[in-house]
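Asks: Before anything else, here's the structure in question.
The values are calculated or read from the model by the stated rules, or taken from the named source; none is laboratory data. The model shown is predicted, which means the values in this text are computed figures rather than measured ones. Cβ sites come from the backbone with ideal geometry, for glycine too, and all protein chains shown count toward neighbours.
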Amino acid sequence: MKSQRLALLLVGSAKKPKSTSEALGSYLLERLGEQGYQIEMLQINHILRTDAGYNTLLNATDRANIVVLAFPTYIDSLPASVTKALEIVAEHRRTQGDISQRFLAIANCGLPEPQHNYTALEICRLFAREARYSWAGGLALGGGEALNGLSLKEAGWRARNVVRALTLASQALAKDEIVPEEAFELMGKSIVPTWIYLLVGAFGWKQRARIFGSRANLQDRPFQREI
């Protein structure tokens, strides 16, 4: 289809300069780069600010053999800017998309359970169908805040299963295969034990309440009905 293979990363996070979404997608693209792919990255929030950015998005998705979307899940769905970008791409490709091009989605959320990403990944699968992409699979990461935008190398032991999952995914993509179940399962393993997540989360919640002078009101239930 194309003389040179191109892997495109679309980063759906609004965080700058670094985000967990970018860290996940960048690691995967680096592994594809080692296997002969040219790599390119676009920040969705940035490119949608101008008409020229729209054209950049469409041109890049037209050229790419593999499109990887990495994004944070917001209440079971994709960020608004990501939804808008996918709608633009789907409309553009509906009659001229090349089914040999593949699409992979990587979702992450702050909650420790990866299943909070499943609805968002299903949305991505339906997008791939509408946009005439070959669906390569989806990966779901819970507790993404534990990485906090660090590169996976910087994250060290915390990212060990994530690294293994993305390495397996890159190997499958390079062979024109879908992402294996083993990669999905590895990505779904907790970065830190749930009890640590709850302990740190509770501490952080109390600290923020103290900053805003609301420490004494954490147990208030202003909308509870009296019987």
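Asks: Please determine whether any residue of region 111-130 is touching an Asp or Glu at 6+ places or on another chain (Cβ under 8 Å), surrounded by 16 or more Cβ atoms within 10 Å (Cβ to Cβ) and closer than 22 Å to Leu6 by Cβ.
Replies: no
Asks: Can I ask one more? Could you list, in sequence order, the residues of region 152-166 that are surrounded by 15 or more Cβ atoms within 10 Å (Cβ to Cβ) and either in contact with a helix residue (DSSP H, G or I) (Cβ under 7 Å, 6 or more places away or on another chain) or more than 13 Å from Val192 (Cα to Cα) (or both)?
Replies: Passing the criteria: Leu152, Arg158, Ala159, Asn161, Val162, Val163, Arg164, Ala165, Leu166.
Asks: In this structure, does Asn45 turn out to be over 20 Å from Leu121 (Cβ atoms), without any contact (Cβ under 8 Å) to a residue 60 or more places away in the chain, in a helix (DSSP H, G or I) and over 18 Å from the mean Cα position of the chain (by Cα)?
Replies: Criteria not met by Asn45.
Asks: While we're here: In the set Arg208, Arg225, Arg221, which member is loosely packed, with under 15 Cβ neighbours inside 10 Å, outside the structural domain of Val68 (by TED's automatic domain parsing) and assigned to a helix (DSSP H, G or I)?
Replies: Arg208
Asks: Among the residues of region 54-94 satisfying the criterion of being touching a helix residue (DSSP H, G or I) at 6+ places or on another chain (Cβ under 7 Å) and part of a strand (DSSP E or B), which is nearest to Glu122 (Cα to Cα)?
Replies: Ser77
Asks: Looking only at region 137-170, which residues are farther than 29 Å from Asn65 by Cβ and within 14 Å of the chain's Cα centre (by Cα)?
Replies: The answer is Gly142, Gly143, Glu145, Asn148.
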